[in-house]
Structure formats: C-alpha cells, structure tokens
1. Does Asp236 count as of a type in the set (Asp, Glu), assigned to a helix (DSSP H, G or I), open to solvent by 30 Å² or more (accessible area, probe 1.4 Å) and farther than 27 Å from Gly504 by Cβ?
2. Which of the residues that make up region 141-174 are open to solvent by 20 Å² or more (accessible area, probe 1.4 Å), closer than 13 Å to Gly210 by Cβ and not small (Gly, Ala, Ser)?
3. Give me the pairs, please: first residue somewhere in region 470-492 and under 20 Å from Tyr345 (Cα atoms), second residue anywhere and among the polar types (S, T, N, Q) and open to solvent by 30 Å² or more (accessible area, probe 1.4 Å), beta-carbon distance under 8 Å, and either six or more positions apart or on two chains.
4. With the condition kept exactly as written, say whether any residue in region 386-399 is surrounded by fewer than 23 Cβ atoms within 10 Å (Cβ to Cβ), on the phi > 0 side of the Ramachandran plot, of a type in the set (Gly, Ala, Ser) and at pLDDT 95 or above.
5. Just one of the numbered conditions (1) in contact with a helix residue (DSSP H, G or I) (Cβ under 9 Å, 6 or more places away or on another chain); (2) crowded, with 21+ Cβ neighbours inside 10 Å; (3) not aliphatic (A, V, I, L, M) is not true of Lys185; which one?
6. Taking region 498-508, which residues are within 15 Å of Gln135 (Cβ to Cβ) and open to solvent by 40 Å² or more (accessible area, probe 1.4 Å)?
7. How many residues does region 282-294 hold that are among the aromatic types (Phe, Trp, Tyr) and under 21 Å from Gln305 (Cα atoms)?
8. Which residues, counting only those in region 293-324, are small (Gly, Ala, Ser) and in a helix (DSSP H, G or I)?
Amino acid sequence: MSRMSRRTLLRSIAATGAAVSVPGLLSACTSTTSGGDVSNAGKKLAPWPAYHPAAGPTPDLAPTTAGVQAGFTSYPSNLVGSVARTPGDGSTIKVMSVTFGTPPKPEAGNQYWKAVEKALGVKIEYTVIPTDDYQAKMATVMAGDPGSLPDIINMFSGFVLPREAQFVQVRAEDLTPHLSGEAVKDYPNLAGIPAQAWRDMGRIGGRIYGIPLERPIPGSTLWLNQGMFTGAGMHDGWTSDDFAAVAKKATHGKTYALGSAKGSDFNNNVHSAAHNAPQGWAVDSKGAFHAGYTDERFKAAVAFQAQLRKDGCYHPDSTSLSTSDAYTLMLNGTIGSLQNGFGNYTALYPDSKGLLTPAPAVPYAVDGTPGGVVAARRSFGYTILKKASKERIQLLLRVLDYLAAPFGTKEYELTHFGVEGVHFTRDKGGSPVPTKLGQVENITNLPFRYLAEGPQVLFVPGFPDATRALHAWQQKVVPVAIRDASFGLQSATFNAQGTTLKAGMDDTITSVIAGRAPLSALDGAISKWRSGGGDRMADEYAREHAANT
C-alpha cells in the first residue's frame, strides 16, 4: 500500500505501547543486584504523592470521576506556562529509554534536540533502545558498574525484567523524601500525575523509587473498520452470537473480519474481557487472589475464539504477522479488525484518512451478561534516578517536572511538537501540523515522553469527530473495565518466573485457538502454570494486597 511508510508504522506502534515479552534474557543481571526484601508486607508505607492537578485549558468534553478522559476537539489557542524557571544548571545528564521510533539524528544536527536542551538548561546524552533490544540492553545495564548508570532510566512496562524490583531498590535513588505526600508540591507538574498512576506503579519495600508514566483506563482494544462491521450487521447491544455472525458475514474471498498479530493469542485479551474473565488476577472479598486462567469464563473465551478461527474469520497468518504488518493489512482492507493498545488512536485516525473509519469495539454480551473491556495498568512504566547528591536529584526532578507539563502548556507544545515554523505549522484551527523536518525530528524518535509526561487527554489534531466518538465510547466502557488486581503489588515469584510461565500459557492458548490442540489442553497447561509458580504468586499478591489496604 503506497500510503504506508515505515515512519507511519513505527508511529502506530509508538502510540500503542505494546510489546512482546521474551523469557530468559536477563539471568545475567541477578548476581550483582540481589537486593533485600522488596515486599511491602510488614513495612511502613510511604504516603503517595499528594495530587494537585495543574491548571490548564477547559476541555470541550469533560472528564468524569470514573476515569473518562478529558477531550479536546480543537487545540488550545492560549497556551500557559507551567514551569517558573529553567530547570538545569548547564551540566550534562545521561538518560536512557525505550523507543518505538527510528534512531534520532545526532544532537549536533538535530534542532528539536537542541531546542529541548535549551529549554531544560542541560546537555542531554540520550541512549534510545529499540524494543527488540530492550531486554538484552537492560541485562547489560543491570549487571554493570553502578557508576556507569545513566542519570535517568525509563523502566518500560512492556517486559518483565527478572529481579527488577531488587535492582531498583539497590541502584536507584529513594525518591520518598522528595515526592511523598506534600513534598511533591516542589514539582507542580509531577504533583499533577493522577494518584492511580502512582498506585499502579507501586512501592518497593514500602518506598517510592519511581515516577509513573500515566495512561488512561482502556487497555487492549479491538479496533474495527467501522464500515465493514456495520455493513455486516454490527449493532448496539450485540451478543457473542451476533459478533460471530457479523464476523462470518464480513469474511469473504481474501478479506477477513478478524486479524491479529504474533503474540496476541488471537486477541485473547479482548475476548476474555468480553466474557468477563479476570484480566490477570481478581481478588475476592476475603482478600484471596484468583488467576484469570483458572476461571471458566477464560476457557469459554478460548473456545469461542477457536470457533471463530474454525469458521475462517481470522486471517490465516494470524500467528505469525508482526504488529506493523497486521496494521498495514487493516489499513488496506484485508482485515477488518485488530487488537491494539487504546493509545493507537492517535496514529490510527490520521493513517486511515481516506481509507476507512476506525472505531473501538463495544464489547458483546455473553449469556445475557454485558461484556467487559481490558483495563490498562495506569502506569506505562516508570522513571528512576541514579543515586546522587540531594542537589543533583533535585535538578533531575526539575527536568522531569518540565517534561511532565500538561496538555495546553508551552512546555508540552515544545516537547510534543517542536519549534513552530521549524518542526510544525498550524492548520486553520490552530492545531500543529508537522513539517518534513518534524516528521524526522520529533518525540517519537527522541522519546522524551518516556522519561516523564503529563496526564493524557483525548485529542486528534484535525479530527474533532474522532475525539467526540472516543469520549462517547469511554463513557460506555469505562464502567465495565476489568482491572488486574495485581497492579502495583510485588510478587517475588512473578519477578523471577512470570515471563516464562506466561509464555507457556500463551503457547497453549494459541495452539488451541489455531486448532493444533484440543480445548482440554488448557487444563494441563493451567495445572503446570499453577504448580510452577502461579499458586505462590496468588499467596504473595494476597499478602501484598493486605499490606496496601
């Protein structure tokens, strides 16, 4: 498809925030970061940072206390400043984060890089790590000389790093004195990070070691070609039978209603949530933890998907397509739907202009019970700081406070769009439009957003109807979002074995849906998962939950 460029594909993946975990790459890091007890059970818990929302423009579509995001149908015309003075002192800081973009141009010839450095008042040495290399690179960093650590490190939530909490406890600065309670008011933009983001990041040994990257409630989302699904009979209040009928009708020739990418278990998250299965873990009224795998609704979802696959509704290469290839197939009409992160909307609407109208699916009902949706971890990773003097830590926190400026501020515009007239111009409504240079020098390729970022809002430049549609969709699904009860809690077993155990379950789920194994194979896999560590995780999470409530 001529309209799809590598930049577009990478921008889509960056907005998604999705990654595939690969087990076994970090065993080398454990020898030098043994750490102590990272559990919060039995510890005095540091108070979470006090929430003081930053002042900003009034949204066109109001947020709700339940978690529906604020929506902007147009770009604010009067930007405000959120930082009183230049944060830095002219010194050099070394930072490191994951990236979903292409490698940035070197600092010497990168006007965006230089503009952000000038605004921050520091020289920045930035190491960006492609997602494919993240675990191997982190293995080296975590096992290396403590003195060689970067000043600021993004701990990406897309992977489980073995003994990650122990590494953070030993090597990172304890930020509790700087951020706990009202202390965070010294950094107004960090104080504007919603409380749930801090809670889902979690404490380590009762202390606060990181700054979360806030994300909205919706997580994995089934994105639809709205015209294709409406034309096949999609309607409000549909059931699982309706979904199956629509998928069959929309599938014909070399067009498939359902697409998926390698590692997504045929979009199992979306379907298990629609069946109201726990997403990861559920906790009952007595504080006991129950794994979603052991719930009969999870098995029913897998059986439902296996029938969809048997009916031919899935693209035949669903177990091998990369996310970018599946995204291309959706945009060119080969597949009619694809599971992706909710944040993918920022790329999907512009990329699909003139090709299709995207829409997030409303969950179907099962046996008369309305379906749920996947609730995301409200923290898309977190940022830690290398141990340093009090003055140095304060400088680094001022830098991160600048980067956490909210939407509608001058600081947000610089970090997210660059310099006006250089990296962007404005459309007739005032929204930033990237220049050719801005398509190369930007926050995707030089991802300051993965060091710190303000609260997310709904906004698609030039697509006011998209903002309205997404806001209306959130009003429907936020009340039925199913949250993983383990978010923000520590489990030694999960830290050490979680990735490997999950990989075994994913293999079985995929094999059953693909027709390579019977549904009964799930029972054996679940039994192995439980005896291999799942039951220990349940006990550890229960103790943590009791300590945090």
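The values are calculated or read from the model by the stated rules, or taken from the named source; none is laboratory data. Given the structure is predicted, the values throughout are model-derived calculations rather than measurements. Cβ atoms come from the backbone with ideal geometry, glycine included; neighbour counts cover every protein chain shown. Protein only, heavy atoms only, side chains kept; ligands, DNA and RNA dropped before computing areas. Shrake-Rupley method; radii C 1.70, N 1.55, O 1.52, S 1.80 Å.
1. On the way: of a type in the set (Asp, Glu): yes; assigned to a helix (DSSP H, G or I): no; open to solvent by 30 Å² or more (accessible area, probe 1.4 Å): yes; farther than 27 Å from Gly504 by Cβ: yes.
When the stated conditions are applied, Asp236 does not pass them.
2. Within region 141-174, Glu164, Gln169, Arg171, Glu173, Asp174 qualify.
3. Qualifying pairs under 8 Å: Gln475/Thr64; Val478/Thr64.
4. Looking through region 386-399, none of the residues is surrounded by fewer than 23 Cβ atoms within 10 Å (Cβ to Cβ), on the phi > 0 side of the Ramachandran plot, of a type in the set (Gly, Ala, Ser) and at pLDDT 95 or above.
5. (2)
6. Applying the first criterion (within 15 Å of Gln135 (Cβ to Cβ)) to region 498-508 yields 498-500, 502-503.
Within region 498-508, Thr500, Lys502 meet the criteria.
7. Within region 282-294, the first condition is being among the aromatic types (Phe, Trp, Tyr), and the residues that meet it are 289, 293.
Add one more test, that the residue is under 21 Å from Gln305 (Cα atoms), and what stays is 293.
Of the residues in region 282-294, 1 are among the aromatic types (Phe, Trp, Tyr) and under 21 Å from Gln305 (Cα atoms).
8. Ala300, Ala301, Ala303, Ala306, Ser324
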